[in-house]
1. Which of the residues belonging to region 376-392 are without any contact (Cβ under 8 Å) to a residue 40 or more places away in the chain, under 17 Å from Asp338 (Cβ atoms) and open to solvent by 50 Å² or more (accessible area, probe 1.4 Å)?
2. For Leu334, are the conditions met, namely being more than 22 Å from Leu281 (Cβ to Cβ), touching a Gly at 6+ places or on another chain (Cβ under 8 Å) and assigned by TED's automatic domain parsing to the domain that holds Thr270?
3. Being within 16 Å of the ligand (Cβ to nearest atom) and either more than 17 Å from Asp13 (Cβ to Cβ) or open to solvent by 40 Å² or more (accessible area, probe 1.4 Å) (or both) narrows it down to one of Ser335, Ser303, so name that one.
4. For region 417-424, state whether one or more residues are of a type in the set (Ser, Thr, Tyr), over 22 Å from Gly12 (Cα atoms) and in a loop (DSSP other than H, G, I, E, B).
5. Please work out if Tyr192 is hydroxyl-bearing (Ser, Thr, Tyr), in contact with a Pro (Cβ under 7 Å, 6 or more places away or on another chain) and farther than 30 Å from Glu287 by Cα.
6. Provide a single number: the residues in region 139-156 that are under 24 Å from Asp228 (Cβ atoms), away from the ligand (no atom under 14 Å from the Cβ) and in contact with a strand residue (DSSP E or B) (Cβ under 7 Å, 6 or more places away or on another chain).
7. With (1) open to solvent by less than 70 Å² (accessible area, probe 1.4 Å); (2) within 11 Å of the ligand (Cβ to nearest atom) as the list, and Ala170 as the residue in question, which single condition is left unmet?
8. When both residues are 6+ apart or on different chains and their Cβ atoms are under 6 Å apart, which pairs have a first residue that lies in region 114-134 and is more than 7 Å from the ligand (Cβ to nearest atom) and open to solvent by 30 Å² or more (accessible area, probe 1.4 Å), and a second that is in a helix (DSSP H, G or I) and not hydrophobic (A, V, I, L, M, F, W, C)?
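The values are calculated or read from the model by the stated rules, or taken from the named source; none is laboratory data. All values reported here derive from a predicted model rather than from experimental measurement. Methodologically, a virtual Cβ is constructed for each residue, glycine included, from the backbone with ideal geometry; neighbour enumeration extends over all protein chains shown. We work out accessible area using only protein heavy atoms, side chains counted, and drop any ligands, DNA or RNA first. Shrake-Rupley method; radii C 1.70, N 1.55, O 1.52, S 1.80 Å.
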Amino acid sequence: MSGIVIVGAQWGDEGKGKITDLLAERADAVIRFQGGNNAGHTIVRNGETWKLHLMPSGILYPGKTCVIGNGVVIDPKVLTDELDELRRREVDTSGLRISANAHMIMPYHMMLDDAGEARLGKLKIGTTRRGIGPAYADKASRIGIRVQDLLDEKILKKKIVAALEPKRLALRPYARDPRLDLQAITEEYLAYGRRLSEYIADTTSLVWEKLDKGDIVIFEGAQGALLDIDHGTYPFVTSSNPIAAAACIGSGVGPKDIDEVWGIAKAYSTRVGSGPFPTELHDDIGEDLRRRGGEFGTTTGRSRRIGWLDLVALKYAARLNSLTALVVTKLDVLSGLDTIKVCVRYRGEDGAEFDTFPYHQTVLHHATGDYVELPGWSEDISDARSEDELPENARAYLRYMEEAIGVPIVLISVGPGREQTMWTEAGLATAPGQTVAAG
Ligand code: IMP
């Protein structure tokens, strides 16, 4: 195994950061391939908590090659703040490399994100307001500012003027905002360029080199399959492709460079922002799971919507991503429930049944779940370190999930700490550096 992609199999926040961090120990490089600082990865190491938004999750290993790929959109203020914080906590960041072709989030992107949401009113997407959508829109319109532009004052200024021109009307409410002053933006972004220059690189060639040597490269996704701009619950999605195919585009490799695709799924479902969520819970159980699971956004602090496990959506995600393995996180949060519901099909407004994910937005908006009820368990499982330490009903829940999705579960997480993890038999047989994992 050389190229391994890690993706969210639900609506994001599945715990990809923890799993990437865990695998990164045995990898030679970690590369982020899409999204931006709309993502939030929490990693707990030796009781210390790290909240990262842009940094690849391997950054906590000294000197590990950590790449921000061409498919990412970068807010340079967030990136430099993260660098400062890591240095303050004495983390070696020398392995960081930033694609010269990645696009920048500019101050006007954040304003347009805010303005867009305000304009939509009740129909708002519930974005993270980090300027992600407007930055990707400029990229597609070919008026984006790229990392390499920060290294040339003349080019940078010219490109900012060109990017601002078609936005005049939309930015009118901000006309007097000092953040829109051309000279000020240019100077601020040139300063970021100077600050980041030592990390800027041709990251595509770098990743090729690693793969050609047989090094283990982890492609770290952000968000999740159901937030994919093409395949998710459009328009209530993010502006990039969080599915595995984007690992190729967002880093510059071909599909044959990918050997494994690991989907990360919570043992239940969550979603932040607006949009269809067929298994959503509006009762005390949902409230309880939110509190016990600490389901509040790493990036915006918003409380996450909670729902039962949705096998219709998960099967869809498994196929979209060609998942080769599944990682189940937050199993511990389900402890203490008498019965646990699992959604096995959707029911439309007119009673129609859907065993597969419906493409039509109207169906999806009105869909509710048909459930099977599985027996719960009362034990606290956060100290379990191997599958046989799990209660019988917890193991049965996992088997049910695995069989329905048709993808082997390789790893189970029962808490935020890196030690609160157990490999399954299938995991021990396939994971990189499995003997280390087994020990
Ligand atoms: P945007 O990515 O900020 O444009 O937000 C679009 C949608 O994606 C909103 O529903 C956000 O809540 C959601 N979203 C974006 N990033 C994440 C994430 O990392 N986790 C969960 N939801 C996210």
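1. Glu392
2. No; evaluated as a whole, the condition is false for this residue.
3. None of the others qualify; the one that does is Ser303.
4. yes
5. Answer is yes for this residue.
6. The qualifying residues number 2.
7. Failing condition for Ala170: (2).
8. Partner pairs satisfying both residue conditions: Lys124/Glu117.
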